[in-house]
Amino acid sequence: MNQPLLERYRQRLPISSATPVVSLNEGDTPLIPLSGPPAARERGVSLFAKFEGANPTGSFKDRGMTLAVSKAAEHGAQAVAAASTGNTAASAAAYAARAGMKAIVVLPAGYVAAGKVAQSLVHGARIVQVSGNFDDALRLVRELTENYPVTLVNSVNPFRIQGQKTLAFEVVDDLGTAPTYHALPVGNAGNITAHWLGYSELYEDGVIESRPRMLGFQAAGAAPIVAGHPIEKPQTIATAIRIGNPASWQGAVNARDESHGAIEAVSDEEILRAYHYLASREGIFVEPASAAGLAGVWRWLEAGRIEEGATVVLTLTGHGLKDPGTAEREVRLPEPVPAELSAVAAAAGL
Ligand code: F0G
């Protein structure tokens, strides 16, 4: 049985014997070797996917939420709150349920994938939908937690970043070294900040001799860091990263600059190409935002920007089942056929 994340990395996390560990045995997700798009194979580039969809609530958020909710419990909190494009909400709802706390999640109405809303509802969270985008929701939930006895569990809560840094630890545990590149989607920018923190701690302690170049990818219609200014009305099919003013903007810029990496924009078309490729060729079903890392790396590979022999790790942030709506729009379900062998065989293309 795998252990709670907080037990496995206890030495590197801000917990003590006074911290009640609220856990779903998160983390320890598979690092899956990919055969990769042709451009990777031709150049001898090794691609690995860290599949965070294998976490208990189906996204990487559980790494940060186990710590944020455990610390909230340590400090006697009765309720937690988060603004969310959906995954943070689902994770907060699950961990709060486990801790016997109330969860309040503030969502941008109409822009949260169905699976995430269903999770939050069934876990018993109090859902507030606002007529606005994620950035409005985050502003409101910050004000809410300043004025009411509720603990904020968005990634502006430093325990979220501390928990999420463990992804880098697991990659190093599995590879025995740091990869050459680490690519991931960027929304509110907490995760790229957390990855970089994790690698940097191992580097400073001499566990690894080098750190990866961090490659962050925003959706083209929601790419404030690339543009250099907030985006008033962000738009993308990848609703998880439909964010115009990321809270951890500076952390992302630091990760980019200190690692000699890059933060670039990928179009919805590139995201969908990577989404279909991962599912139909590699057998890994992710939600659209999670495909943004591969979309960007694919472009880097085709442009010859990744050197021969490099190792690239992609964080695949969330499970494809989170967003059945996109799957249904992307792949048409065929009409039913009569319950007869000949009709079934013909429909099966045999
Ligand atoms: N991928 C997925 C599946 C996400 O849900 C998110 C963020 C990201 C990538 C981006 O990570 O914000 O740390 O840069 N989702 C947040 C939420 C905003 O509310 O669930 P980030």
If we keep only residues of the stretch 1-38 that are part of a loop (DSSP other than H, G, I, E, B) and out of contact with any helix residue (DSSP H, G or I) (no Cβ under 9 Å at 6 or more places or on another chain), then the residue most open to solvent (accessible area, probe 1.4 Å) is Met1
Report task. Output yes when any residue across the stretch 61-77 is more than 16 Å from the ligand (Cβ to nearest atom), under 29 Å from Tyr148 (Cβ atoms), of a type in the set (A, V, I, L, M, F, W, C) and open to solvent by less than 10 Å² (accessible area, probe 1.4 Å), and no when none is. Result -> yes
Of the listed residues (Gly304, Gly261, Gly293, Gly283), the one being within 13 Å of the ligand (Cβ to nearest atom), among the small types (Gly, Ala, Ser) and either open to solvent by less than 40 Å² (accessible area, probe 1.4 Å) or modelled with pLDDT of 95 or more (or both) is Gly293
- Could we say that Ala247 is in a helix (DSSP H, G or I) and either surrounded by 23 or more Cβ atoms within 10 Å (Cβ to Cβ) or within 14 Å of the ligand (Cβ to nearest atom) (or both) here? no
The residue that is most open to solvent (accessible area, probe 1.4 Å), considering only those in the stretch 113-141 that are under 21 Å from Ser70 (Cα atoms) and in contact (Cβ under 8 Å) with a residue 40 or more places away in the chain, is Gln119
Those residues of the stretch 130-164 which are assigned to a loop (DSSP other than H, G, I, E, B) and either touching a Gly at 6+ places or on another chain (Cβ under 6 Å) or among the aromatic types (Phe, Trp, Tyr) (or both) amount to Tyr148, Ser155
**Asked** Within the stretch 83-102, can one find any residue that is near the ligand (Cβ under 9 Å from one of its atoms), closer than 20 Å to Gln3 by Cβ and either open to solvent by 10 Å² or more (accessible area, probe 1.4 Å) or hydrophobic (A, V, I, L, M, F, W, C) (or both)?
**Response** no
Those residues of the stretch 39-59 that are open to solvent by 10 Å² or more (accessible area, probe 1.4 Å), within 20 Å of Thr177 (Cα to Cα) and among the small types (Gly, Ala, Ser) come to a total of 2
Requested in this report: Return yes when Val106 is crowded, with 24+ Cβ neighbours inside 10 Å, of a type in the set (A, V, I, L, M, F, W, C), within 13 Å of the ligand (Cβ to nearest atom) and not in a helix (DSSP H, G or I) and no when it is not.
Outcome: yes
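The values are calculated or read from the model by the stated rules, or taken from the named source; none is laboratory data. Please read these numbers as outputs of a predicted model, since none were measured by experiment. Note that each Cβ is placed from the backbone with ideal geometry, even for glycine, and that neighbours are counted across all protein chains shown. Note: areas computed on protein heavy atoms with side chains; ligands, DNA, RNA excluded. Shrake-Rupley method; radii C 1.70, N 1.55, O 1.52, S 1.80 Å.
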